[in-house]
Amino acid sequence: MNVRLGSEVANATDDVIVSINPADGSVAGTVEATSPAELDAVVERAWTAFRSSGWPTLLPHRRALLLQKVADGLAAQKESLAQLQMADNGKPLGECRGMVDSAIGTFRYYAGVCETIETDVTPRRGDYLSFTLLEPFGVVAAITPWNSPIMNDATKVAPALAAGNAVILKPSEDSPLLAPELARIALAAGLPEGLLQVVQGRGPEIGSALVAHPGVRMISFTGGTATGRAIGRVAGERLVPAALELGGKSPHIVFADADLDHAVAAVVAGIFGSAGQSCVAGSRLFIEASIYDDVLARVVVRTKSLRVAPPDAPGVEVGPLASFHHRDRVHRFVERAREEGGRILCGGAAPAGDEFDAGAYYLPTVIDRLGPEALTCQEEAFGPVLVALPFGDEQDLIAQANGTAFGLACGIWSDNFKRCWRVGRALEAGSVWVNTYKQSVTSTPFGGFKSSGLGREKGIDGLRLYAQVKSMYFGLHEQPLEVAR
């Protein structure tokens, strides 16, 4: 897949995907779109590589060594990859560097898992020895979103390769530039050709064709819930497994006995980091009624102080949104909140000034005076928009916090251990943070409840996700088997 960077760009056509730098509207680069006919060839190459390269049967420590070399390649090109991601989707440069570090760590982690993961010798219940094996699916489709390209790509590709599969990676059409770089680095590290390929294009076209392709044996998708449901329907009809990491409307809870300085800082970081473009962003702030006005005022003061700036500016805290059409979507979300009776305490518009006029910027926004049933409190903005709501007691809180279709993450601030335990157990969420927020580590499983998804990425389970369990029996009987009587 050829990548042309900004200065070499010709006029875009239907055969070309253009990445627009959301900081200034310039062209960051282009990639060639994959046609349905080309997709057939990609899948065929993947199966050829899977069957002829010896990768599925390579001894685990040999496979692990190559994954370590991929990590080394990423590390050697960390700065250029971070700069490319900054241009591709507008994240602050420091955050982009951190995401390359995350990708490096993911490959190193799954190299370790690859050569140490154990299967089971199961208890004997007869004259046989029985045990399990993990077998790859064959060809896996990995579909990643635009918000954290290199990190999300690694989260899927590393464990899928570690499990012995061939991988076809489809990045978002809004951030297409990092995936080809990962494939190039993997090939240079020694991964057999055809085991990691990239297809480019829009979801309704090449994404749909990839999901429906009869040569794809497993699907892994991160993105919006509506798209996840559509993929789930296709996977169900085809009877292939689908791992779906979907949206969230995560509650961030502050009790009156919390360390309020830490809580307020975490609330602001938890929603406005990455300009709110995070599936686990704490987009619903629940504050105990007795401290509601005080905490909300402190959140607003801190929000107004955030430095909104170009992603390479010193001290930037909030950069542009990833695309202009997404910025417009976020603004429509805020306008609907106004129509529902919400009070905009800060933000609610694009920032003014020469450095912002050409970019997809949006001010960090705090809204209150909406009921929990308001659409603004039910649907995911996926942007720098925080909705604040009061609660009376634990029962009231749990009812409100669980009162959406989502169940991805939540945060609890309280010095009462037993309360944190009770509330954490009662909340329907795949990740619960107590007196912290938005922590994530490759070694800990990640995924959601309800409409926030199916399956678990990361951790040892993240490798098992891409493998099938095979049971084997070795007969130990001394006499011939008889027909059961």
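Each value in this text was obtained by applying a stated rule to the coordinates, not by laboratory testing. None of the values given here were measured: they were computed from a predicted structure. Cβ coordinates were reconstructed from backbone atoms using ideal geometry, including for glycine residues, and neighbour counts include every protein chain displayed.
Considering only the chain, what is the antiparallel percent among its DSSP beta bridges, to the nearest 5? Write down the numbers at each step before the final one.
Details: 25 of 61 bridges.
DSSP beta bridges in the chain are roughly 40 percent antiparallel.
What do the square roots of 5 times the Cα gyration tensor eigenvalues come to for the range 251-434, in whole Å, largest first, as semi-axes of the equivalent ellipsoid?
Gyration-tensor ellipsoid for the range 251-434: 28, 17, 15 Å.
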**Request:** Could you please tell me the mean projected area of the C-alpha convex hull for the range 347-452, averaged over all directions and given in square nanometres to one decimal?
**Result:** 9.0
**Request:** Please name whichever of Ala256, Leu244, Tyr361 sits farthest to the positive end of the charge dipole of the chain, dipole taken about the Cα centre and charges placed at Cβ: Lys and Arg +1, Asp and Glu -1.
**Result:** Leu244
**Message:** If the reach is capped at under 19 angstrom between alpha carbons, list the lysines near Lys438, excluding any in the same chain fewer than eight residues apart.
**Reply:** Lys91, Lys249, Lys458
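What number, rounded to the nearest 500 deg cm²/dmol, is the helix-based mean residue ellipticity at 222 nm of the chain, given -39500 (n - 2.57) per DSSP H run of at least four residues and division by all its residues? Intermediate values should be presented prior to the final figure.
Values: 16 runs with 189 residues, N = 485.
Taking each H run of at least 4 residues, the total per residue is -12000 deg cm²/dmol.
To the nearest 20 debye, what charge dipole does the range 251-434 have about its Cα centre, counting +1 at the Cβ of each Lys and Arg and -1 at the Cβ of each Asp and Glu? Can you show the working numbers first?
Values: 16 positive and 24 negative charges, 32 e Å.
In debye, rounded to 20, the range 251-434 gives about 160.
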**Message:** On C-alpha positions alone, give me the angle between the axis of helix 93-116 and the longest principal axis of the chain, in degrees, nearest 10.
**Reply:** 30
**Item:** Cα lying deepest toward the dipole's positive end in the range 281-408, options Leu321, Ala374, Asn402, charges on Cβ
**Value:** Leu321
**Most positive-pole-ward Cα, Leu427, Ala269, Val330, against dipole of the range 251-434 from beta carbon charges** = Leu427
**Asked** Over the chain, what is the mean sequence separation of C-alpha contacts under 8 Å (at least six apart), divided by residue count, expressed as relative contact order in percent?
**Response** 18
**Item:** Cleavage-rule hits, trypsin sites (Lys or Arg not before Pro), the range 357-465, DSSP coil, Cβ neighbours within 10 Å at most 16
**Value:** Arg369
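Antiparallel DSSP bridges in the range 251-434: what percent, to the nearest 5? Display every interim value, and only then the final one.
Details: 3 of 23 bridges.
Among the beta bridges of the range 251-434, antiparallel pairing accounts for roughly 15 percent.
Quick one: net charge of Leu465's neighbours, Cβ under 14 Å, K/R +1, D/E -1?
Working: positive: Lys156, Arg217, Arg456, Lys458, Arg464; negative: Glu135, Glu245, Glu457, Asp461.
For residues surrounding Leu465, the net value is +1.
Beyond 11 Å, what percent of the Cα pairs of the range 204-243 remain? Provide the component values of the computation, followed by the final result.
Numbers: 457 of 780 pairs.
Result for the distance tail: 59 percent.
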**Prompt:** Dipole size in debye (nearest 20) for the chain around its Cα centre, Lys and Arg Cβ +1, Asp and Glu Cβ -1?
**Reply:** 980
**Item:** Rounded tilt (10° steps) of 225-238 against the dominant C-alpha axis of the chain
**Value:** 20
